[in-house]
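One structure is given below, encoded as C-alpha cells.
Readers should treat all values here as calculations from the given coordinates under stated rules, not as data from a laboratory. Everything numeric in this text was worked out from a predicted model, so none of it was measured. Positions of Cβ are generated from backbone atoms using ideal geometry, with glycine treated the same way; all protein chains shown enter the neighbour counts.
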Amino acid sequence: MRNLTIKQLRYLDALAQHGHFGRAANACAISQPALSMQIRDLEETLGTPLFERGARRVRLTGFGEEVSARAREILRSVDELSDLARAARDSLAGRLRIGIIPTVAPYLLPGIMAELSRRYGELDIRVRETLTARLIEELSEGRLDTAIVALPVSEPALAEIDLFAEEFVLVRPAGDADKPVPSAERLREMRLLLLEEGHCFRDQALSFCNMHAARPRELLDGSSLSTLVQMVGAGIGVTLIPEMAVPVETRSAAVSVARFAPPGPARRIGMIWRKSSPLAEQLHRVAKVVRHAATRPADKGGAS
C-alpha cells in the first residue's frame, strides 16, 4: 500500500464537509480535476470507494465515514503540533481560524480585522461566519481556533472569556417614533419580526418577551437583520436588533429606533476556544484586540 499523505486527508475532509467537488476544490484552493485525482488516488490506495458520486452531490460510503472520522482526528493532531510550535515562539503569526455569528460579523468584523492586521501583520486570518451550534461543532473538531459568540455556551471542553455586553433596541416604522416604547407584555401582542430558527439572537429576543411557553399571536421570520429592518420600514411589523447593528441597518430604512427602560433586553458577547488549545495565551491577546475594537466610540445611529 502506498503511503497516505496529509494533503490527501485534507482533501478528503473538505469533500466530506462540502459534499461537492467544486466547492471542496474552492475551499482547498486547487482545481476540481486535481482534487478528483487525489481522491481517486486515495481510494485506490485504500482499495475501496470512499464516496458515492451523484449528479449534484457526493456522499460518504459507510467505510468513507469511518475513514473521514479518523482523518479528522489525524488532521486535528497535526494542527495541534503546529499550534504547539507557534505557542513556543510566543508570537501571533501564521494561520488563525476565527468563527463568528451572523448577528455580530458585519458590524464587528471590519474593526477586528483592521486592528489585528495593524498589530500582528504576520497573521493569516481565516473567517468562518455561521450559527453558534455549527461554530461549536467545528471548534470541537479542530476546524476553528476560536469563535466569537453570544455567551454562555456552557460546553465543558470550551473556555469562555467575556468581551462586552450590549443592549437590544426596538426598531419600528418611522411614523411610530413618538409613540411610547412598548413593554415586553405589549410586544407579545404586536407583529414581531425575528430571525429564523437556529439564531441565538432569536432565542434571546423571545426570552425577553417571555414567548417560549406560548407562541405569539403574530411572529414572522427573516433570514438576516437587514431583511427584518427593511420589512419594518415597509410597515410589516416591529423587530429587535443588537445596538451594534443600528448604524448599518437603519441608515437606509424608514424606521425609528427606541431603547427600552432598564432592565431591557441585552446579551453578552465573548470568545470561546478549546481548553486544550496550545494557543490559549495568544487567544487571550486576540480577545483584548476584539474587546478594544468593539468598545471604541462609534456613532450609535439616530435613536429616538
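Among all helices in the chain defined by DSSP H, which have a length of 20 Å or more along the axis from Cα atoms plus a Kyte-Doolittle mean of at least -0.5? Once both thresholds are applied, what remains is 32-46, 62-89, 105-119, 280-295.
A simple rule links phi to the HN-Hα coupling: the Karplus curve 6.51 cos²θ - 1.76 cosθ + 1.60 with θ = phi - 60°, which for region 248-264 gives 7, 7, 9, 6, 10, 10, 7, 9, 10, 10, 10, 10, 6, 5, x, x, x Hz, with x for Gly and Pro. In this simple spin-label approximation, Glu167 and Phe63 carry label points 7 Å from Cα along the Cα→Cβ vector, and these lie 6.2 nm apart.
By the gyration tensor of its Cα atoms, with a ≥ b ≥ c the square roots of the eigenvalues, what is the shape of the chain: rounded for a/c under 1.5, prolate for a/b over b/c, or oblate? It is prolate, given that a/c is not under 1.5 and a/b is the larger ratio. Residues whose amide H falls under 5 Å from that of Leu151, counting only those 5 or more places apart or on a different chain, are Arg268, Ile269, Gly270, with hydrogens built in the peptide plane. Amide H contacts for Leu96 (H built 1.01 Å from N in the peptide plane; partners 5 or more residues away or on another chain; cut-off under 5 Å): Asp124, Ile125, Arg126. Shown in residue order for region 171-178 are the 3J(HN,Hα) couplings computed by the Karplus curve 6.51 cos²θ - 1.76 cosθ + 1.60 at θ = phi - 60°: 10, 9, x, 4, x, 9, 4, 8 Hz (x for Gly and Pro). Note on Val127, Val290, Val257: ascending count of other Cβ atoms within 10 Å places them as Val127, Val257, Val290, the fewest first. Under 15 Å from a label point set 7 Å out along the Cα-to-Cβ vector of Arg95, the amide N atoms of region 35-72 belong to 72. Extension gain, Ala29-Ile6: 0.36 nm per intervening residue step, less the Cα-Cα distance, totals 6.7 nm. For Leu60, the residues 5 or more places off, or on other chains, whose built amide H falls under 5 Å of its own are Glu52. Computed from the C-beta positions of Ser252 and Arg186, the FRET efficiency with R₀ = 35 Å rounds to 0.80.
Of the residues Tyr107, Tyr120, Tyr11, the one with the fewest other Cβ atoms within 10 Å heads the list, and the complete ranking is Tyr120, Tyr107, Tyr11. The HN-Hα couplings worked out from phi for region 120-127 by the Karplus form 6.51 cos²θ - 1.76 cosθ + 1.60 (θ = phi - 60°) are 10, x, 8, 6, 10, 8, 10, 10 Hz, whole numbers, x standing for Gly and Pro.
Only DSSP H runs of four or more residues enter the estimate; each adds -39500 (n - 2.57), and after division by the residues of the chain the mean residue ellipticity at 222 nm equals -13000 deg cm²/dmol.
In this entry, region 165-266 is assigned a mean projected area of 6.0 nm², taken as a quarter of its C-alpha convex hull surface. The Cα atoms of region 6-82 give a gyration tensor whose axes a ≥ b ≥ c have a/c of 1.5 or more with a/b no greater than b/c, which makes the shape oblate.
Extension gain, Thr45-Arg128: 0.36 nm per intervening residue step, less the Cα-Cα distance, totals 26.6 nm. Between rounded, prolate and oblate, where does region 46-185 land on the alpha carbon gyration tensor, with a ≥ b ≥ c its root eigenvalues, rounded for a/c under 1.5, else prolate if a/b exceeds b/c? Verdict is oblate for region 46-185. Ranked by how many other Cβ atoms sit within 10 Å of their own Cβ, fewest first, the residues Ile6, Ile125 fall in the order Ile6, Ile125. Exposed loop sites were defined as trypsin sites (Lys or Arg not before Pro) in DSSP loop states (anything but H, G, I, E or B) carrying at most 10 other C-beta atoms within 10 Å; in the chain the longest segment without such a site runs 57-216.
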